[in-house]
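S.K.: Sharing a structure, written as structure tokens. Questions coming.
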Amino acid sequence: MSTISARFGLMAACLGASLAPASLVPAWGAPDAKTPQGMVRDLKQGVEVVAAGRLRLTEGDRATVSVSLWNASDNDVAGPVLLVIDGAGIDGVDIANHPEQTADGRAVFEIVPAGSVLLSRGMTSPLELEFAVPEALSREQADAFQLAARVFGREVPASRKPVDDERDFAVRGKSYNLDDLSRVIAIQERNMAALMQKPGVVGTSVGENDRGELIVRVFTETRGQARALPGHIEGVEVQVSPTPGGFKVGPARDTIVFQDGVAKNEATRASERLSATRTDTTAAPGGDPTIRFDRPVPIGCSAFNATDVCASGTLGARCIDSSGKIYGLSNSHVMSKEGLSLLGEEIVQPSQGDNGCNVDLPDNLIGHLVDFMPSNAVPATGTSLQFSNFMDTALLSVTDSLDPDGNVVPAVDAATPEDGYGTPSSRELRNLRIGMLVHKYGRTTIYTRGACAGLNVNGVIGGGVAVEYYNMHEFRGTAPFANLGAPGDSGSLIVTVDGNRPVSLLFAGGGNRTLGNPIGPVLDRFNVKIDDGSRTITTAAGGNIGMSGRQGVAMGNLGPTVEERGLLPPELRGRIKAPSGGFIPKGPQQTP
């Protein structure tokens with residue numbers, strides 16, 4: 001499918017409010033327009049026009065796509081900022097809804113009005129563009145849609161210096177503030193139990209509508225179940241998002257091969273405990289993360305618990321603790337048999353599911369399981385909700401190995417393969433913003449790109465046992481990617497497009513939505529930080545952290561066989577400490 005997004009530059013703009021937007025735009029091919037306030041020009045770097053998914057065919061002769069402007073520059077952008085639509089890339093498909101047009105008939109939209117500001121790294125609320133299309137337009141023809149557009153504005157000096165305090169990051173560039181966001185989250189949580197008791201409801205989140213206003217989103221198994229739900233809760237709009245089959249979690253149980261960068265199922269197979277499934281998955285052009293890599297192996301490749309069934313998952317990131325020890329990070333259902341493992345079990349690369357169901361120890365060993373969070377199966381409905389499942393995550397100690405030249409190296413590298421996003425930053429982002437662009441690299445869909453669609457997600461996650469998780473992130477793919485992830489991508493690290501700052505650990509999905517565990521609590525849980533290759537720990541503000549801090553507490557199965565079998569290297573046995581109680585982050589408690 002052709003990409004819909006295109007890059008356009010815009011450092012900043014400041015236009016007189018008395019001028020009509022269309023009058024400021026030069027005709028196609030004409031020189032930049034001179035006005036009393038300065039030069040209006042089509043700039044080439046700094047702002048991206050982002051389309052949310054594919055061209056959607058509606059009723060009759062209409063189709064729609066939503067677009068936003070993302071300010072990737074280091075400067076704020078003062079309105080008005082104008083978007084000019086030059087074409088759709090398909091004969092007979094023309095823009096339908098436009099309030100103004102240029103002298104040569106091209107549609108003009110005022111995205112940022114005069115008096116408003118698009119902050120650095122901020123994204124505008126989505127604007128739905130409507131196109132007139134031939135009634136006989138096929139889905140294949142619609143997929144050829146490629147937006148041609150220009151952004152016009154006027155450069156001004158930077159109005160704000162970057163700050164280290166990121167407490168307001170989640171609302172920068174938004175029409176709402178932190179108090180508004182906190183209020184809507186509180187409304188969602190107060191009504192969570194009642195909503196989850198409705199037939200077919202599988203989850204809720206806080207998101208935005210097409211006007212950029214905060215909403216409570218309710219996930220249902222079918223669209224028809226929306227009739228039983230209110231349109232508003234405590235004055236906040238409720239939107240229903242059908243998620244057929246609900247949310248699922250679990251490793252990939254099929255075998256895939258890559259042909260020209262596209263992941264295709266090979267013969268499916270069964271194992272003693274789980275049956276294989278068959279679904280073709282489209283990936284970005286690139287390499288094959290399922291192969292055995294020379295050591296050190298990149299993050300984002302196939303890896304799995306060697307004592308588990310014949311299945312596959314993803315090694316998400318390399319981490320480091322304050323003493324300099326190196327670890328690998330992934331999901332509990334990838335590395336700890338969905339919470340049933342003993343500490344010390346071997347982790348191999350590639351997964352046995354991508355290696356003919358063979359583990360090939362010790363050659364494929366990359367580490368040992370040292371810690372994980374087991375899932376607590378709590379009722380999804382009832383008189384009250386116990387907020388106990390906040391993360392699906394596991395930590396492995398990285399062993400030493402030999403590189404192709406015979407040098408001793410850590411078995412896990414800090415970066416993705418060359419066709420990935422590279423090395424993640426060590427500065428995690430703990431206040432994710434709705435609409436923020438992200439990307440990831442994983443075993444099945446390789447490199448994909450998306451955007452945050454919701455915060456504070458709670459949902460019933462199906463798998464071996466259906467359990468309820470809280471405080472998750474919701475992501476959707478951006479063109480040309482229908483989804484951010486697929487089965488087998490579990491454990492992938494999700495990072496921001498701008499700066500590769502870690503935000504979430506991919507672990508589940510449903511429909512066209514992908515769920516992740518916020519990375520901040522995950523790192524806090526294990527007392528580690530993401531390693532950017534420097535093997536130096538920094539805080540989000542950039543300073544070195546101290547050597548003191550909460551000790552890591554192993555939450556896995558702690559039977560005497562762990563020490564007796566010698567599964568953990570001696571230097572890591574100090575991490576095994578019997579927990580005094582379940583690790584439950586401070587979260588909302590509620591009754592109906």
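The values are calculated or read from the model by the stated rules, or taken from the named source; none is laboratory data. This is a predicted model, so every value here is computed, not measured. All Cβ positions, glycine included, derive from the backbone under ideal geometry; neighbour counts span all protein chains shown.
S.K.: Quick check: anything in segment 221-235 buried (at least 21 other Cβ atoms within 10 Å of the Cβ), hydroxyl-bearing (Ser, Thr, Tyr) and at pLDDT 75 or above?
M.R.: Scanning segment 221-235 turns up no residue that is buried (at least 21 other Cβ atoms within 10 Å of the Cβ), hydroxyl-bearing (Ser, Thr, Tyr) and at pLDDT 75 or above.
S.K.: Let me ask something else about it. How many residues, within segment 125-144, are part of a loop (DSSP other than H, G, I, E, B) and closer than 30 Å to Lys174 by Cβ?
M.R.: 2
S.K.: If you take the residues in segment 141-167 that are modelled with pLDDT under 50 and among the charged types (D, E, K, R), which one is farthest from Asp86 (Cα to Cα)?
M.R.: Among those that are modelled with pLDDT under 50 and among the charged types (D, E, K, R), it is Asp164.
S.K.: A further question follows. What's the total number of residues in segment 386-396 that are farther than 21 Å from His473 by Cβ, surrounded by fewer than 24 Cβ atoms within 10 Å (Cβ to Cβ) and touching a strand residue (DSSP E or B) at 6+ places or on another chain (Cβ under 7 Å)?
M.R.: 0
S.K.: Okay, next question. For segment 427-477, give me each residue that is farther than 23 Å from Ala415 by Cβ, touching a His at 6+ places or on another chain (Cβ under 9 Å) and of a type in the set (Val, Ile, Thr).
M.R.: Residue satisfying the conditions is Val457 alone.
S.K.: State all residues of segment 457-485 that are surrounded by 24 or more Cβ atoms within 10 Å (Cβ to Cβ) and not acidic (Asp, Glu); if no residue qualifies, say none.
M.R.: Val457, Asn458, Gly459, Ile461, Tyr469, Met472, His473, Phe475, Thr478, Leu484, Gly485
S.K.: What residue, of Val412, Val438, is modelled with pLDDT of 95 or more and under 30 Å from Asn191 (Cα atoms)?
M.R.: Val438 is the lone residue from the list that is modelled with pLDDT of 95 or more and under 30 Å from Asn191 (Cα atoms).
S.K.: Testing Leu214 on (1) at pLDDT 90 or above; (2) more than 20 Å from Leu455 (Cα to Cα), one condition comes back false. Which one is that?
M.R.: Evaluating Leu214 over (1) at pLDDT 90 or above; (2) more than 20 Å from Leu455 (Cα to Cα) leaves (2) as the failure.
S.K.: Among the residues of segment 403-442, how many are part of a loop (DSSP other than H, G, I, E, B), of a type in the set (A, V, I, L, M) and either closer than 19 Å to Gln349 by Cβ or without any contact (Cβ under 8 Å) to a residue 40 or more places away in the chain (or both)?
M.R.: Residues in segment 403-442 being part of a loop (DSSP other than H, G, I, E, B), of a type in the set (A, V, I, L, M) and either closer than 19 Å to Gln349 by Cβ or without any contact (Cβ under 8 Å) to a residue 40 or more places away in the chain (or both): 3 in total.
S.K.: Criterion first (at pLDDT 95 or above and within 15 Å of Ala414 (Cβ to Cβ)) does Ile537 satisfy it?
M.R.: Criteria not met by Ile537.
S.K.: Could you give me the residue pairs with C-beta distances under 6 Å whose first residue belongs to segment 320-340 and is assigned to a strand (DSSP E or B), whose second residue is of a type in the set (Asp, Glu) and at pLDDT 90 or above wherever it lies, and which are 6+ apart or on separate chains?
M.R.: Ile320/Asp531
S.K.: Let me ask something else about it. Do we have Gly200 as surrounded by 21 or more Cβ atoms within 10 Å (Cβ to Cβ), in contact with a helix residue (DSSP H, G or I) (Cβ under 9 Å, 6 or more places away or on another chain) and at pLDDT below 95 here?
M.R.: No; evaluated as a whole, the condition is false for this residue.
S.K.: Still on this structure, I have one more. Kindly establish whether Val65 is over 24 Å from the mean Cα position of the chain (by Cα), modelled with pLDDT under 80 and surrounded by 22 or more Cβ atoms within 10 Å (Cβ to Cβ).
M.R.: no
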